[in-house]
Amino acid sequence: MTALLEVIDLARHYDLGGGKALFALDGVSFSLAAGESLGLVGESGCGKSTLVSLLARLTDPSAGNIHFAGRDIGAIPAKAFARTSARGAIQVVFQDPHESLNPRFTAARAIADPLLRLGDLRGASLDERVAQLAAQVGLPAELLPRYPHQLSGGQKARVNIARAIALSPKLLILDEPTSALDVSVQAVVLQLLDRLRAELGLSYLFVSHDLNVVRLLCTRVLVMYLGRVVEAGPAAALLEQPAHPYTRALVAAVPGRRNPGTPPALVGDPASPVNPPPSRCRLAGRCPLEQPLCTTQAPALREYQPGHWVACHFAQSPADAAS
């Protein structure tokens, strides 16, 4: 598949003064194919939100490149990007469907907003497009005149999705789009997203803490820890046979998960993201596989198995660890 998005050594550092900097994102590289759904997982503070902000061009990178549809959009300042043609091709579905809607906009006006800002439809043509989008996401036409406080969580989620696909984007960044919804509603919204990806040929970057959701919706997964990718590969292989100690701990924490052998425990707290030593593994101090090498040489992301990449000197699958 052709790469729609290619991220190369992307970094975002925040100057704290006094020679100190917070490394929110530090040398992240990956690609996303057209029509692919890529999951992004990791604990709070790992850099997921920073990466989303950079890819949506809401924040400027400190270093690295973001190639989208053959164009280096990372070189375009965030303020200027809003006026480019690529703005409509990358859209975000935010985590909280209520907070991301203007309380003074009806559902119809919210869906029409990107069309009014970046499109050229007006009058009857605009109304027709809004009705089409509402039908596409399963939002009844009689709900279009209502305001957010008059809609359920699932209905507001559908408004957000309709708004995101209004400009026929190529990439949707889904920032935990179902985490604020009831479990029964989550399943319906996930099915809707999966159907839209197939029907519209969309690419997804799906950010989530829920590995079961990632397993259902994504073909590949990136695992992040303290600003870096520590494991990447096909969803089924990575979640069934995680090789990095951090990924294994994440998978072991899934309720009802059965693992061969005893999963390794992570002890202590994460290291500080302020001026992290470049020659030290970010997981050092918490890792059950730690050796002296881990504190003198940061592991590079290497191909552990075909298509499965791991940043660990001593990577092993759960089956290997149990034998």
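Read the figures in this text as sums done on the coordinates, not as results from a lab. Bear in mind the structure is a predicted one, so any value in this text is a computation, not a measurement. Don't worry about glycine lacking a Cβ; one is built from the backbone with ideal geometry, like all the others, and counts go over all protein chains shown.
Data table
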{"read-out": "Average Cα contact separation per residue, the chain, under 8 Å, 6 or more apart, as relative contact order %", "value": "19 percent"}
{"read-out": "The chain - Cys residues lacking any other Cys C-beta under 4.7 Å", "value": "46, 218, 287, 312"}
{"read-out": "Contour minus Cα-Cα distance for residue 215 and residue 305 (0.36 nm per residue)", "value": "30.5 nm"}
{"read-out": "FRET efficiency, 1/(1 + (r/R0)^6) with R0 51 Å, evaluated for residue 16 and residue 168 via beta carbons", "value": "0.80"}
{"read-out": "Per-peptide average of other Cβ atoms within 10 Å, ordering 67-74, 232-239 highest first", "value": "232-239, 67-74"}
{"read-out": "Bridge type composition, the chain - antiparallel percent by DSSP, nearest 5", "value": "65 percent"}
{"read-out": "Net charge over other residues, Cβ less than 14 angstrom from the Cβ of residue 91 (K, R count +1; D, E count -1)", "value": "+4"}
{"read-out": "Ranked 15, 194, criterion: other C-beta atoms within 10 Å, fewest first", "value": "15, 194"}
{"read-out": "30 Å Cα-Cα reach of residue 20 towards lysines, excluding residues that sit fewer than 8 places from it in its own chain", "value": "48, 79"}
{"read-out": "Whole-percent pair-distance distribution, where bins are 20 Å wide, for the alpha carbons of the chain", "value": "30, 55, 15, 0"}
{"read-out": "Nearest-20 debye value, the chain charge dipole, Cβ charges on Lys, Arg, Asp, Glu", "value": "440 debye"}
